[in-house]
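The block underneath contains the structure these notes are about, expressed in structure tokens.
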Amino acid sequence: MGAPRGPNGDTFLFNPELLKNLDWNSVRSSLNPPISNEEPGEPWLLVRPLSIMDYSKGYVQILSQLTTVGNISKADFERQFWRMQNAGGYYVTVIEDTRSNKIIGAASLITEFKIIHSCGLRARLEDVVVNNTYRGKQLGKLIVLTVSLLSKKLGCYKMSLDCKDSLIPFYKSIGYKLEPGNANSMVVRYEETTKPQDPS
Ligand SMILES: CC(=O)SCCNC(=O)CCNC(=O)[C@H](O)C(C)(C)COP(=O)(O)OP(=O)(O)OC[C@H]1O[C@@H](n2cnc3c(N)ncnc32)[C@H](O)[C@@H]1OP(=O)(O)O
């Protein structure tokens, strides 16, 4: 199957149809006023899969408001985009301000095939960010809930995340919980290589 394409010839990381008809009724109480990925509250807001064109729309720059990104060229970005698409299971979703053609928010859903849970599918939330000039308008909730509802639609049995203590209220407000006795996050860090290695 070829890469999914948008009306302007954009190549998307995953099929945009997957973002249709998400179960927003199940999370209605988290949003005031109610918004959804299909009705984000402003005509110039567009929630869609990451596109190969998003290097020029500022996706890499916005990630620098989250963490250290490094010096990523357009070719680096495109190589990684194709790796993610070929691997499958990557659902990087963005919010675009169509007035400026800039990415103003993003979140990544990553799925893993498991043997446990009856050969189930598990989800992780990564790389959530909203451009600092757009914060406090529910766009953080919107992008996280969009990928969370997508994970539900894909049949995942759970979705989890790591975050700073200060963000616990934010995630609690949209349904994430600290499970008693099971809420630790541990890490071992390795020296970062300049370029990711292909596993083969
Ligand atoms: C799994 C991960 O990726 S964790 C990393 C999360 N990302 C970052 O920390 C990057 C920098 N921060 C951001 O990009 C943004 O602040 C986000 C994505 C965390 C939130 O985006 P916003 O668009 O401001 O969120 P939104 O408007 O939906 O806010 C929802 C609620 O969370 C609260 N909130 C938002 N950010 C923070 C924060 N940094 N600390 C504490 N509370 C916060 C808001 O006050 C708001 O509360 P309310 O509903 O009671 O008024």
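The values are calculated or read from the model by the stated rules, or taken from the named source; none is laboratory data. Please read these numbers as outputs of a predicted model, since none were measured by experiment. For neighbour counting, all protein chains shown are included, and Cβ atoms are generated from backbone atoms with ideal geometry for every residue, glycine included. Just so you know, the surface numbers come from the protein's heavy atoms only, side chains and all, with ligands and any DNA or RNA stripped out. Shrake-Rupley method; radii C 1.70, N 1.55, O 1.52, S 1.80 Å.
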> With all protein chains present and a 1.4 Å probe, how do GLU191, GLU39, GLU126 order by accessible area, largest first?
Replying inline: GLU191, GLU39, GLU126
> From the phi of every residue in the stretch 45-54, what ³J(HN,Hα) in whole Hz does the Karplus formula 6.51 cos²θ - 1.76 cosθ + 1.60 yield, where θ is phi - 60° and glycine or proline is x?
Replying inline: 9, 10, 9, 7, x, 4, 10, 4, 7, 6
> For ASP23 and LYS114 in the same chain, what is the full-extension length gain: residue separation times 0.36 nm, less their Cα-Cα distance, in nm?
Replying inline: 30.3 nm
>> Could you tell me how far the Cα centroid of the stretch 1-54 sits from the Cα centroid of the stretch 70-112, in Å?
In response: 14 Å
> To the nearest 20 debye, what is the magnitude of the charge dipole of the chain about its Cα centre, counting +1 on the Cβ of each Lys and Arg and -1 on the Cβ of each Asp and Glu?
Replying inline: 300 debye
> According to the Kirkwood expression over distinct Cα-Cα pairs, how big is the hydrodynamic radius of the stretch 90-200, in Å?
Replying inline: 15.9 Å
>> I want to verify a result. In a Gaussian network model of the chain, Cα cutoff 10 Å, which of these has the top mean-square fluctuation: VAL130, VAL60, VAL69?
In response: VAL69
> Counting only protein heavy atoms, what percent of the accessible surface of the chain is carbon or sulfur at a 1.4 Å probe?
Replying inline: 51 percent
>> I need the shape label for the stretch 22-169. Rule: rounded when a/c is under 1.5, else prolate if a/b > b/c, else oblate, with a, b, c from the alpha carbon gyration tensor.
In response: oblate
>> Per 0.36 nm of contour for each residue apart, how much would the distance between ASP127 and LEU167 grow if the chain were fully extended, relative to their Cα-Cα spacing?
In response: 13.1 nm
> Where only protein heavy atoms count, and the probe is 1.4 Å, what is the accessible area per residue for the stretch 80-127 in Å²?
Replying inline: 50 Å²
